[in-house]
Amino acid sequence: MKLGFIGLGHMGSAMAANLVRAGHEVTVFNRTPGKSSSLIALGAHEAATLAGACGGEVVITMLADDAAASDVALGSGGIAESLSKGAIHLSMSTISVALSKRLAQAHAESGQRYVAAPVMGRPNMAAAAKLFIVAAGDPAAIDACKPVFDALGQKTSTIGAEPSAANLVKLTANFLQAAVIESLGEAIALVGKAGIDRRAYVDLLTSTIFTAPAYKIFGPLIAAGTFETAAFAAPLGYKDIRLALAEAETLRVPMPLASLLHDRFLRLFAQGGDNLDWSAIGGLATQDAGGQQGVATSLVQSAR
């Protein structure tokens, strides 16, 4: 397929590379220059402008937040202005439900198609083409994107015909992961203060009744107090909790645990933890309990 790819962060670069390796003709664009050299070496083409990445059957966006996604898609010279009729904007970013609805409407008005397909997984999973993909939109458009999904992930789940449904599912998934991080942090702080080996405790949990990837990924990080280098930076986790709470407010669904997580991120940022992995909120409970291991250690290391 002839594809455009916009957004070459840790996740986007790995995803674009897999598309090139799968034999697709990929044109890449990043608003901050200097991130495309390894992709060009693989065989990707580089667009000089955003519009230059919109000449194919599908243009994929993998961007950090609503502001970036809105600017790229709806701004002057953006995707909605540049994509040909019938072509597909495949948004794989984690964005708000409200923005996803705006994008769907804008592309429909321009005679284009829009599919929301946010991904679940960290950069190592993106590099290994093992992402989990949640897709929603017109069934024919989703089917047209199948070669892209096959090159990027181990499983694609279709949620429905309304694209924003995929965005809400992704936000709730990240809420649940953050809840796991917080609960692990509290449990590890408790056993640690009792003198029980934190790492041995996590090994026990993750080899018995808590074998899900979230526990296996975040448990060891929290037990060791190792929150650098960020695979998923804390501000991104905070953004997703805010977006989940915004939709909860719209639908009048109380989410008291999400409100707690919102404040845990704020506390982390108040201590200068903006550059840490989002699992660092799991280290706050150790600090609350008077322990020195955890976020404080990572903050000292990051200041050096």
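Could you list all residues from region 22-46 that are of a type in the set (Gly, Ala, Ser) and at pLDDT 90 or above?
Ala22, Gly23, Ser36, Ser37, Ser38, Ala41, Gly43, Ala44
Within region 106-120, which residues are of a type in the set (Gly, Ala, Ser) and over 24 Å from Met15 (Cα atoms)?
Ala106, Ala108, Ser110, Gly111
For every residue, the table says whether it meets (1) assigned to a helix (DSSP H, G or I); (2) in contact (Cβ under 8 Å) with a residue 12 or more places away in the chain; (3) among the acidic types (Asp, Glu).
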residue: Ser157; (1), (2), (3): no, yes, no
residue: Ala178; (1), (2), (3): yes, yes, no
residue: Leu184; (1), (2), (3): yes, yes, no
residue: Gly192; (1), (2), (3): yes, yes, no
residue: Gly195; (1), (2), (3): no, no, no
residue: Leu205; (1), (2), (3): yes, yes, no
residue: Ile209; (1), (2), (3): no, no, no
residue: Lys216; (1), (2), (3): yes, no, no
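Quick one: Gln105 ticks every box in (1) under 28 Å from Asp71 (Cβ atoms); (2) buried (at least 17 other Cβ atoms within 10 Å of the Cβ); (3) more than 17 Å from the chain's Cα centre (by Cα) bar one, so which box is it?
Only one criterion in (1) under 28 Å from Asp71 (Cβ atoms); (2) buried (at least 17 other Cβ atoms within 10 Å of the Cβ); (3) more than 17 Å from the chain's Cα centre (by Cα) is unmet by Gln105, namely (2).
Restricting region 179-191 to residues that are hydrophobic (A, V, I, L, M, F, W, C) and in contact with a Ser or Thr (Cβ under 9 Å, 6 or more places away or on another chain), which is nearest to Ala108 (Cα to Cα)?
Top of the filtered list is Ile181.
Any residue at all in region 78-90 that's over 24 Å from Ala47 (Cβ atoms) and not basic (Lys, Arg)?
Checking region 78-90: not a single residue is over 24 Å from Ala47 (Cβ atoms) and not basic (Lys, Arg).
When you go through Ala230, Ala214, Ala248, Ala244 one by one, which is the residue that is surrounded by 15 or more Cβ atoms within 10 Å (Cβ to Cβ), under 17 Å from Gly282 (Cβ atoms), out of contact with any strand residue (DSSP E or B) (no Cβ under 8 Å at 6 or more places or on another chain) and in the same structural domain as Ile181 (by TED's automatic domain parsing)?
Ala214
Can you pull out every residue in region 220-274 that is farther than 20 Å from Ala98 by Cα, in a loop (DSSP other than H, G, I, E, B) and out of contact with any helix residue (DSSP H, G or I) (no Cβ under 8 Å at 6 or more places or on another chain)?
The answer is Thr229, and nothing else.
Please list, ordered by residue number, the helices (runs of 4 or more DSSP H) wholly in region 76-136 having 2 or more residues that are within 13 Å of Pro163 (Cβ to Cβ) and outside the structural domain of Ala214 (by TED's automatic domain parsing).
97-109
List, please: which pairs have Cβ atoms under 8 Å, are six or more places apart or on different chains, and start with a residue in region 51-67 that is crowded, with 24+ Cβ neighbours inside 10 Å and end with one that is among the aromatic types (Phe, Trp, Tyr)?
Between residues of region 51-67 that are crowded, with 24+ Cβ neighbours inside 10 Å and residues that are among the aromatic types (Phe, Trp, Tyr), the close pairs are Ala53/Phe5; Ala53/Phe29; Val59/Phe5; Ile60/Phe5; Met62/Phe5.
Only one of Tyr238, Tyr201 is in contact (Cβ under 8 Å) with a residue 12 or more places away in the chain, in contact with a His (Cβ under 9 Å, 6 or more places away or on another chain) and either buried (at least 17 other Cβ atoms within 10 Å of the Cβ) or over 20 Å from Arg122 (Cα atoms) (or both). Can you tell me which?
After ruling out the rest, the residue left standing is Tyr238.
Which of (1) of a type in the set (Lys, Arg); (2) under 20 Å from the mean Cα position of the chain (by Cα); (3) surrounded by fewer than 19 Cβ atoms within 10 Å (Cβ to Cβ) is the odd one out, the single condition Lys170 does not satisfy?
Just one mismatch for Lys170, condition (3).
Given the criterion at pLDDT 95 or above, more than 21 Å from the chain's Cα centre (by Cα) and not hydroxyl-bearing (Ser, Thr, Tyr), identify the matching residue among Gly77, Gly86, Gly12.
Step by step, each of Gly77, Gly86, Gly12 is checked, and only Gly86 is at pLDDT 95 or above, more than 21 Å from the chain's Cα centre (by Cα) and not hydroxyl-bearing (Ser, Thr, Tyr).
List every residue pair whose Cβ atoms lie under 8 Å apart, where the two residues are 6 or more positions apart in sequence or sit on different chains, the first residue falls within region 9-29 and is under 11 Å from Met62 (Cβ atoms) and in the same structural domain as Ala69 (by TED's automatic domain parsing), and the second residue, located anywhere, is among the hydroxyl-bearing types (Ser, Thr, Tyr) and surrounded by fewer than 24 Cβ atoms within 10 Å (Cβ to Cβ).
Ser13/Ser38; Val28/Ser36
The values are calculated or read from the model by the stated rules, or taken from the named source; none is laboratory data. Note that the structure is predicted; figures quoted are calculated from it, not measured. Here Cβ is always computed from backbone atoms with ideal geometry, including for glycine, and neighbour counts include all displayed protein chains.
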